[in-house]
Every structure is written in structure tokens, then in C-alpha cells.
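Structure first, then comments.
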Amino acid sequence: MCRMARPRKPLLSRERIIEAASALVDSEGLGAVSTRRLAAGLGVSGPSLYNHFRNKDEILDAVADSVSAQVDLSMFDESDSRDWAAALHDWAVSYRAALAAHPHIVPVLAQGPGRRPAGLRVADAAFGGMVRAGWPPAQATYIGALMRYFVTGSALGSFARGFVDDETAYDPTDYPHLGQAHLLADRRQQVDEGAFETGLRALLDGLALQYEQMVRGGGPVRRTPNRG
């Protein structure tokens, strides 16, 4: 009589570890991640993780980089027809969407790309796009930094969620202008996305003014902004 072969466990890989760690971060936060817990969830011994990562920090770096890999960079391709302002807008929207889907990993991403390949590709694409549009390298660096501050800051928390769904918490005697604040929690997505878009447009309008001044000053500009 032939014995039924036992189903083989999937081989441990970097991808499986990153996937498990990402799910744990998403559901419980950074503090929930430990090599012991990851190993138990993957059905392996703890030391086997060290064949792929030296420590927990490297795992979290890889999780962060997997989020950076979700950011659309097509608008910075040389063949793309979008001008620099439209490219920055569309990139920022995609960037925030990736971070907003994984808010617990944002503090790691906010530290910068370090040596993470996908994070470096994001930085390289944005910088290259701005320089090709005519921004001086120094100013292109400032724009990249500004956008990272803005996007990661917007994804770190929710303004609307900071108010409780209890109208008695905002007595008009003490807070005469917060009579509708208890409604914000139920409108979190609308408020947070509206605030992001408002801030993003303000940033782009300000950059457009600088760009126009640079054009008038005879800077090395090859493409003009079109925000229409």
C-alpha cells in the first residue's frame, strides 16, 4: 500500500517573512513584531529567520521598502507627457495612498530611504524628474524633502479621528467653534483626503510661483507648468 505524501510546507523565503511581518505590523503595530513571533506564525524555528535577515530592524526595513515599491513612479519617466507640477501631484497622491494603507510602518519610512532599494528608486525618480523639468539640483533636493515631509506627515495620523463621536465633549460654553466637531470621526476619509489635497495644491501653487520667477530670471528651464 502506498503512503500518502505529506504536504510540504512552503520554503521559508525573504518574501514570506516580509509578508508575515507586514501583516503583523498592519494589524497590531510595530511593537508587535518580534523574530520569535514571526517564526511561530511561519511555523519555523527562530534561528531560521537569520538566514534571511540579521535582526528585527532589517525585517522592518524590508517591510517599509515593500510599501515604497507600491508608489507609482511612471509620471517621472522621460516619455511621460505630464509637466513637473502634474507629475508631483500624481506622485504625491500615489505616495500617500501607499502609506495610508500601511500607517503603522510610516514612522520607519519617515526616517528616509537609507539603503532600501525601492525607497531609493522613489527618491531618484522624483529628483530626476525635477531636474529634467529645469529645477536646479539644490532646489530639486529641497522639493523632494518638502514632499516627503508633507506626505509622511499626512499619513502619520488622522486629524478627523482626533475628535470623539460625542457632542457632549465639546460644550459650546468652552469651545464655541467646535459645535460640529463630534461629526468629524464619521467623515474621516473625506476630511483627511480633503485636507491633503488642499495642502498639496497650496504647495504646488507656491512652487509654481518660484518656478515662474526662475523662468523670468533665465534659469535652465525646458518645460513649463500646466496646472489647468
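The values are calculated or read from the model by the stated rules, or taken from the named source; none is laboratory data. Please read these numbers as outputs of a predicted model, since none were measured by experiment. Here the Cβ positions follow ideal geometry from the backbone for every residue, glycine too, while neighbour counts run over all protein chains shown. These accessible areas exclude ligands, DNA and RNA; they are computed on the full protein's heavy atoms, side chains included. Shrake-Rupley method; radii C 1.70, N 1.55, O 1.52, S 1.80 Å.
Going through the DSSP H helices of the chain, which span 15 Å or more along their own axis at the Cα atoms while scoring at least -0.5 as a mean Kyte-Doolittle hydropathy?
Details: long enough: 14-28 (21 Å, -0.15); 56-68 (18 Å, 0.06); 84-100 (23 Å, 0.55); 117-132 (22 Å, 0.55); 137-156 (28 Å, 0.65); 188-216 (42 Å, -0.37).
Qualifying helices, which must be both long enough and hydrophobic enough, are 14-28, 56-68, 84-100, 117-132, 137-156, 188-216.
Could you order peptides 160-169, 101-110 by the average number of other Cβ atoms within 10 Å of their residues, highest first? Write out the running numbers ahead of the final one.
On the way: 160-169: 13.2, 101-110: 18.3.
Result, highest mean Cβ count within 10 Å first: 101-110, 160-169.
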To the nearest Å², the heavy-atom accessible area per residue of region 71-216 with 1.4 Å probe amounts to 54
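Kirkwood Rh over alpha-carbon pairs of region 71-216, then Stokes-Einstein at 37 °C and 0.692 mPa s: what D in µm² s⁻¹, rounded to an integer?
193
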Relative contact order in percent for the chain (Cα pairs under 8 Å, 6+ apart) equals 19
With only helices counted (DSSP H, runs n ≥ 4, each -39500 (n - 2.57)), the per-residue ellipticity at 222 nm for the chain, to the nearest 500, works out to -17500 deg cm²/dmol
Computed on Cα atoms, the radius of gyration and Dmax of region 14-66 in angstrom are 9.6, 26
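Convert 25 °C to kelvin, take the viscosity as 0.890 mPa s, use the Kirkwood radius over C-alpha pairs of region 159-204 as Rh, and evaluate the Stokes-Einstein diffusion coefficient in µm²/s, rounded to a whole number. Before the final figure, lay out each step's value.
Working: Rh = 11.5 Å.
In µm²/s, the coefficient is 214.
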